[in-house]
1. Tell me whether the stretch 23-36 contains one or more residues that are at pLDDT below 90, crowded, with 21+ Cβ neighbours inside 10 Å, closer than 25 Å to residue 183 by Cβ and in contact with a helix residue (DSSP H, G or I) (Cβ under 9 Å, 6 or more places away or on another chain).
2. From 11, 7, which residue is outside any strand (DSSP E or B), closer than 17 Å to residue 164 by Cβ, at pLDDT below 95 and in contact with a strand residue (DSSP E or B) (Cβ under 6 Å, 6 or more places away or on another chain)?
3. Do we find that residue 55 is buried (at least 17 other Cβ atoms within 10 Å of the Cβ), free of Cβ contacts under 8 Å to residues at least 60 places away in the same chain and either touching a helix residue (DSSP H, G or I) at 6+ places or on another chain (Cβ under 8 Å) or farther than 17 Å from residue 165 by Cβ (or both) in this structure?
4. Residue by residue through the stretch 164-177, note down the ones that are loosely packed, with under 15 Cβ neighbours inside 10 Å and over 13 Å from the mean Cα position of the chain (by Cα).
């Protein structure tokens with residue numbers, strides 16, 4: 001298959017996948033992407049200090065993200081009821097979010113977010129350093145209730161394709177959200 005045909009096929013597959021997923025408010029992900037560029041933020045479990053840090057950081061830079069005409073949308077592994085207090089706490093209660101407990105959106109080939117053993121992963125030097133740099137003290141840690149093996153990621157979607165992506169190699173990786181949307 002030629003490069004152009006392969007790229008067109010991948011875009012079509014991505015669009016089909018985006019059409020299948022709906023936000024908690026009932027909107028399809030493809031409709032959101034068609035309305036404006038989307039910063040799609042995949043979270044880990046809600047007891048993860050780095051998940052809380054991601055919510056906090058997006059909340060902090062949200063005005064700059066939206067000034068660029070980009071809509072933040074979150075994908076999480078919990079139920080809508082479990083997610084609500086976290087989004088409320090970080091002043092993100094009005095953002096679109098997708099509850100995906102089976103992690104099917106995480107596994108869409110275009111996103112291809114990996115899985116890892118949460119206990120072994122926690123012993124990696126990068127993760128330990130991230131905790132000691134403040135994530136653990138500021139955001140805490142709790143009992144894993146969602147899928148602790150699922151890795152997070154962030155994708156800038158525009159015109160039904162992935163413009164830029166950040167796939168976490170460790171749970172402590174810190175994406176530059178503004179750079180991903182072209183605001184930095």
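The values are calculated or read from the model by the stated rules, or taken from the named source; none is laboratory data. Predicted, not measured: the structure shown is a model, and the values here were computed from it. Methodologically, a virtual Cβ is constructed for each residue, glycine included, from the backbone with ideal geometry; neighbour enumeration extends over all protein chains shown.
1. Of the residues in the stretch 23-36, the ones at pLDDT below 90 are none.
Checking the stretch 23-36: not a single residue is at pLDDT below 90, crowded, with 21+ Cβ neighbours inside 10 Å, closer than 25 Å to residue 183 by Cβ and in contact with a helix residue (DSSP H, G or I) (Cβ under 9 Å, 6 or more places away or on another chain).
2. Values: 7 fails: in contact with a strand residue (DSSP E or B) (Cβ under 6 Å, 6 or more places away or on another chain).
Answer to the check: 11.
3. Working: buried (at least 17 other Cβ atoms within 10 Å of the Cβ): yes; free of Cβ contacts under 8 Å to residues at least 60 places away in the same chain: yes; either touching a helix residue (DSSP H, G or I) at 6+ places or on another chain (Cβ under 8 Å) or farther than 17 Å from residue 165 by Cβ (or both): yes.
Here the answer is yes, as residue 55 does meet what is asked.
4. 169
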